[in-house]
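What follows is a set of notes on a single structure, which appears directly below.
The values are calculated or read from the model by the stated rules, or taken from the named source; none is laboratory data. Just so you know, these numbers come straight off a predicted model, no measurement behind them. Cβ placement follows ideal geometry from the backbone for every residue including glycine, while neighbour counts extend to all protein chains displayed. All accessible areas refer to the heavy atoms of the entire protein, side chains included, with ligands and DNA or RNA removed. Shrake-Rupley method; radii C 1.70, N 1.55, O 1.52, S 1.80 Å.
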Amino acid sequence: MSERQNVLHVENATMQFGGVVAVNNLSLEVNEGEIVALIGPNGAGKTTAFNVITGVYQPTNGRVSFMGKPMICNHPRGKMAKSYKGENGELYLHEHTLAPTPDHITKLGIARTFQNIRLWKSMTVYDNVITAKHMRAKQNVFSATFRTNRKEELRMREETEALLREQDLWQYRDDLATSLPYGLQRRLEIARALGTSPKLLLLDEPAAGMNPQETLELAEFIHQVREKYKLTIFLIEHHMDLVMNISDRIYVLDFGSLIAQGLPSEIQSNQHVIDAYLGVVEDE
């Protein structure tokens, strides 16, 4: 069996805001076809890490590679060079700074959902997905103006319909996205992300606000999405039953630093992880 290709590689990523180090020297990797989880207590730096990977924040230090090629790279500069509190501040000093915008990263093949659902509220279910399809539309100003791109428009409409039918959302196509029940809004947000034809899908707390039955259905849905679209999935999640059931591997953050990594069975019995979630009572 051939070795899985490395899809995402985060190296020594540090994100410092003023004097606060939100993520400190984080290194991790996600390989082709895996479902990998990033977990940790509230405020551990998980969403900050996602924001670094997707270009929302430029890391203070570190490098992120996608499909084997450097995508993001930075080192402490200016005033930050003096106030930097993280590690390996000189490691990337002589490397070219890379700071792609979120839309460029999406075009490369990384899509994400958010902890708080961010559907386009004034748009229908259908329009939310077909708008995402435009990310990869093969058209320009000339073709749009003179309507020479009819085949492209037809392709996008057909693909949008197929995607909505596959996700059992076609019957809601003309409804406002925000009129859907919460669980279906989550599913629509994932469908919209799939509309960009990603290689890597980042899910930020997809089970947030769901009841136990919806969470069970979500676990099956994530597995189906991986198999059907040949995706690699990296997720943040607080629902430990979901994480342990669907993850191939798990990374654990606490106070911005990586404290554990391994298989679900290893993480469940890791004392550092247990202490991070439950707290440690120090002896007087």
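Ranking A219, Y126, A111 by Cα position along the charge dipole of the chain, where only Lys, Arg, Asp and Glu carry charges on their C-beta atoms, puts Y126 farthest toward the positive end. One decimal place: the segment H238-F17 gains 77.1 nm when fully extended, by the rule 0.36 nm per residue minus the C-alpha distance.
With each label modelled as a point 7 angstrom along the Cα→C-beta vector, the N116-L154 pair spans 4.3 nm.
Sequence gap at least 6, Cα distance under 8 Å: using those rules, report the relative contact order of the chain to the nearest whole percent. List each step's numbers first, then the result.
Numbers: 518 pairs, mean separation 69.5, N = 284.
Result for the chain is 24 percent.
Comparing Q213, Q268, Q224 in a Gaussian network model of the chain where C-alpha atoms under 10 Å apart are linked, the largest mean-square fluctuation is found at Q213. For the set M244, M71, solvent exposure ranked by accessible area (probe 1.4 Å, protein chains only) runs largest to smallest as M244, M71. Placing +1 on the Cβ of every Lys and Arg and -1 on the Cβ of every Asp and Glu, with nothing else charged, gives the range 176-284 a dipole about its Cα centre of roughly 960 debye. Count Lys and Arg as plus one, Asp and Glu as minus one, and take only other residues whose Cβ is under 15 Å from that of R173; the net charge is then -3. What whole number of Å gives the distance from the Cα centroid of the range 54-130 to the Cα centroid of the range 186-214? The range 186-214 and the range 54-130 have Cα centres spaced 20 Å from each other. In terms of the Cα gyration tensor, with a ≥ b ≥ c the square roots of its eigenvalues, is the chain rounded because a/c is under 1.5, prolate because a/b exceeds b/c, or oblate? Taking the square roots of the gyration eigenvalues as a ≥ b ≥ c, the chain is oblate. Put a plus charge on the Cβ of each Lys and Arg, a minus charge on the Cβ of each Asp and Glu, and nothing anywhere else: the dipole of the chain about its Cα centre is then about 1680 debye.
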